[in-house]
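Single-structure report; data block below.
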Amino acid sequence: MVARYFQLRMVKDGPWVPAMIARRCRCTVNGGDDQAEHDWQASCDRFPPETGIIHDGKDDLGRVDHIRTYGHPISKERYDLMAARAAYDRTYHPASIGANPYTSITPEARHRALMTAPLPFSNRSPT
């Protein structure tokens, strides 16, 4: 089974967070003698349940229905980009909204961001 990728919000007006639903297996056939975790394949000797994984890497079987209900499908490339951006924010900007997906964006913060954003084409010289 191929993993499916989604984006969802953890709180109302929060940032988009990448999520995926996949079958992760720990078997001796494809994982070796140490039973390393890997994506499920048809040759595996076990059939694991689907696991919901949200950007921070927490596995929780209860999240699968939450992701299916509230998630919007995205491509693997978009998932990888969002996951890398979230990891960057957690490392270098821990106070940013990208690093804290359980914090909603207040209307005041949204207004402030819109008012301080540069205007499009403002650096063009007049013709």
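The values are calculated or read from the model by the stated rules, or taken from the named source; none is laboratory data. Computed from a prediction, not measured in an experiment: that's the story for all the values here. Glycine also receives a Cβ, built like all others from the backbone with ideal geometry; neighbour counts cover every protein chain displayed.
Using the structure shown, decide if ALA83 is modelled with pLDDT of 80 or more, small (Gly, Ala, Ser), within 27 Å of ALA3 (Cβ to Cβ) and out of contact with any Lys or Arg (no Cβ under 8 Å at 6 or more places or on another chain).
On the way: modelled with pLDDT of 80 or more: yes; small (Gly, Ala, Ser): yes; within 27 Å of ALA3 (Cβ to Cβ): yes; out of contact with any Lys or Arg (no Cβ under 8 Å at 6 or more places or on another chain): yes.
Criteria met by ALA83.
What number goes with the only condition from (1) modelled with pLDDT of 75 or more; (2) more than 11 Å from the chain's Cα centre (by Cα) that GLY71 does not pass?
Going through (1) modelled with pLDDT of 75 or more; (2) more than 11 Å from the chain's Cα centre (by Cα) one by one, GLY71 breaks only (2).
Could you list all residues from segment 1-21 that are within 14 Å of LEU81 (Cα to Cα) and either surrounded by fewer than 17 Cβ atoms within 10 Å (Cβ to Cβ) or of a type in the set (S, T, N, Q) (or both)?
Scanning segment 1-21 gives a single hit, GLN7.
Go through (1) out of contact with any strand residue (DSSP E or B) (no Cβ under 6 Å at 6 or more places or on another chain); (2) modelled with pLDDT of 75 or more; (3) surrounded by 10 or more Cβ atoms within 10 Å (Cβ to Cβ) and name the single condition TYR92 misses.
(3)
Residue pairs, Cβ under 6 Å, 6 or more apart or interchain, first in segment 75-91 and among the basic types (Lys, Arg), second modelled with pLDDT under 90 and surrounded by 16 or more Cβ atoms within 10 Å (Cβ to Cβ). List them.
ARG90/ALA99
Confirm whether ARG24 is part of a strand (DSSP E or B), surrounded by fewer than 19 Cβ atoms within 10 Å (Cβ to Cβ) and at pLDDT below 80.
yes
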